[in-house]
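Here's the structure we're looking at; comments come further down.
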Amino acid sequence: MTESIISLDSINPIEFFGVNNGKLDLLKKKFPLLKILSRGTQLKLSGAPEEVASAQEKITQIISYLERNGNLSENYFEQILGDEEKVDHFKDRNANEILVFGPNGRNVKARTANQKKMVSLADKNDIIFAIGPAGTGKTYTAVALAVRALKNKAVRKIILTRPAVEAGENLGFLPGDLKEKIDPYLRPLYDALDDMIPADKLSYFMTNRVIEIAPLAYMRGRTLDNAFIILDEAQNATELQLKMFLTRIGASAKAIITGDLTQIDLPKNQKSGLEKATRILRNIDGIGYLQLDEEDVVRHRLVKAIIRAYDAAKDKEER
């Protein structure tokens with residue numbers, strides 16, 4: 001008699017067990033000689049060693065599929081239990097394009113040519129710079145890539161950071177402690193995560209520091225390893241800050257630096273380090289560079305027109 005406990009922490013247990021435990025019943029039907037008990041996010045198998053091993057193999061396939069795709073029909077669940085050779089036939093043809101399956105079946109994927117190029121660059125390089133105007137999906141795509149890496153166990157944690165530079169406002173006048181002052185500034189990163197990870201899972205990750213969101217200054221002195229790191233709004237990092245960040249990256253880490261050189265909020269006596277970094281590091285093997293433009297804007301249709309209008313005004317002023 002052998003016992004085995006399988007954790008379902010990496011997936012939504014409801015997707016595994018099914019409505020009214022419909023999928024769990026299929027699993028029990030497939031392995032009638034096993035005693036199968038569900039306890040929260042755990043599955044307990046008891047029975048003959050060969051039966052337990054066989055069930056574990058099928059359950060691992062199902063968990064792996066759910067980690068990649070987020071949901072699984074009863075029909076496909078039954079196919080996995082019945083014949084693994086048929087599994088590829090039922091896979092979503094667009095599965096390779098989908099980065100993350102978020103809550104409520106939301107599919108997160110690259111939507112423009114440059115966003116797809118960003119995904120490709122991230123797969124081939126350990127560091128990439130993604131530069132472009134507001135609304136081009138730089139941060140959102142970067143966060144999706146980080147969440148995908150975490151779900152695929154390619155990294156052990158996600159670190160999201162921004163320079164704590166006020167966009168025309170002074171953080172010192174805001175109420176609350178430092179975290180309460182900083183959190184609203186980091187809100188876009190939280191919003192992206194909300195789209196990709198269920199609330200209870202995200203809370204668990206944040207509490208256990210699997211996902212960390214912090215101002216750039218907090219990176220000083222650290223070695224960031226086995227992590228997917230995103231530096232957002234990098235146009236507001238000085239040359240020394242950007243060099244500090246880039247030299248924190250450990251041997252088993254990946255990093256994406258995003259920014260918009262037209263929206264620098266640094267004081268007039270400080271220069272952004274982003275332009276210099278992209279210029280002097282662009283030809284280093286393992287560092288990718290991507291320039292997004294208004295064609296990549298995925299917000300309201302008027303955002304493209306607004307960006308073009310500002311660019312045209314800037315061209316006139318420079319003549």
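The values are calculated or read from the model by the stated rules, or taken from the named source; none is laboratory data. As the structure is a computational prediction, the values presented were derived from the model and not from experiment. Methodologically, a virtual Cβ is constructed for each residue, glycine included, from the backbone with ideal geometry; neighbour enumeration extends over all protein chains shown. Just so you know, the surface numbers come from the protein's heavy atoms only, side chains and all, with ligands and any DNA or RNA stripped out. Shrake-Rupley method; radii C 1.70, N 1.55, O 1.52, S 1.80 Å.
Some notes on this structure:
- Annotation note: of Lys35, Lys58, Lys109, Lys44, the sole residue that is among the charged types (D, E, K, R), within 28 Å of Ala199 (Cβ to Cβ) and at pLDDT 85 or above is Lys44.
- With respect to the stated conditions, Val119 fails to be among the β-branched types (Val, Ile, Thr) and at pLDDT below 85.
- The residue that is modelled with the highest pLDDT, counting only those in segment 74-106 that are under 14 Å from Asn12 (Cβ atoms) and open to solvent by 50 Å² or more (accessible area, probe 1.4 Å), is Arg106.
- Some residue of segment 5-13 being among the small types (Gly, Ala, Ser) and in contact (Cβ under 8 Å) with a residue 60 or more places away in the chain: yes
- Looking across segment 263-281, the residues that are out of contact with any strand residue (DSSP E or B) (no Cβ under 6 Å at 6 or more places or on another chain) and over 9 Å from Gln235 (Cβ atoms) come down to Pro267, Lys268, Asn269, Lys271, Lys276, Ala277, Arg279, Ile280.
- Taking the criterion of being hydrophobic (A, V, I, L, M, F, W, C) and surrounded by fewer than 18 Cβ atoms within 10 Å (Cβ to Cβ), the only residue of segment 220-243 that qualifies is Leu240.
- Long-range neighbours under 6 Å by Cβ, at least six apart or interchain, first residue within 13 Å of Gln241 (Cα to Cα) within segment 268-282, second of a type in the set (Val, Ile, Thr) and open to solvent by less than 100 Å² (accessible area, probe 1.4 Å): Gln270/Thr238; Ser272/Ile264; Gly273/Thr238
- Residues of segment 266-290 that are within 16 Å of Ile131 (Cα to Cα), surrounded by 15 or more Cβ atoms within 10 Å (Cβ to Cβ) and not small (Gly, Ala, Ser): Leu274, Glu275, Thr278, Leu281, Ile287, Tyr289, Leu290.
- Candidate set from segment 1-35 (those that are assigned to a helix (DSSP H, G or I) and among the charged types (D, E, K, R)); member that is surrounded by the fewest Cβ atoms within 10 Å (Cβ to Cβ): Lys29
- Filtering segment 220-239 to residues that are over 21 Å from Lys151 (Cβ atoms), at pLDDT 90 or above and not small (Gly, Ala, Ser) leaves Leu231, Glu233, Gln235, Asn236, Thr238, Glu239.
- Note on segment 182-219: among residues that are of a type in the set (Phe, Trp, Tyr) and open to solvent by 70 Å² or more (accessible area, probe 1.4 Å), the one that is nearest to Ala255 (Cα to Cα) is Tyr218.
- Tabulated pairs, segment 16-38, first at positive phi, second open to solvent by 20 Å² or more (accessible area, probe 1.4 Å), C-beta under 8 angstrom, 6+ apart or interchain: Gly18/Asp25; Gly18/Leu26; Gly18/Glu74; Asn21/Ser38
- A single member of Tyr185, Tyr140, Tyr190 is of a type in the set (Ser, Thr, Tyr), under 15 Å from the mean Cα position of the chain (by Cα) and at pLDDT below 90, and it is Tyr190.
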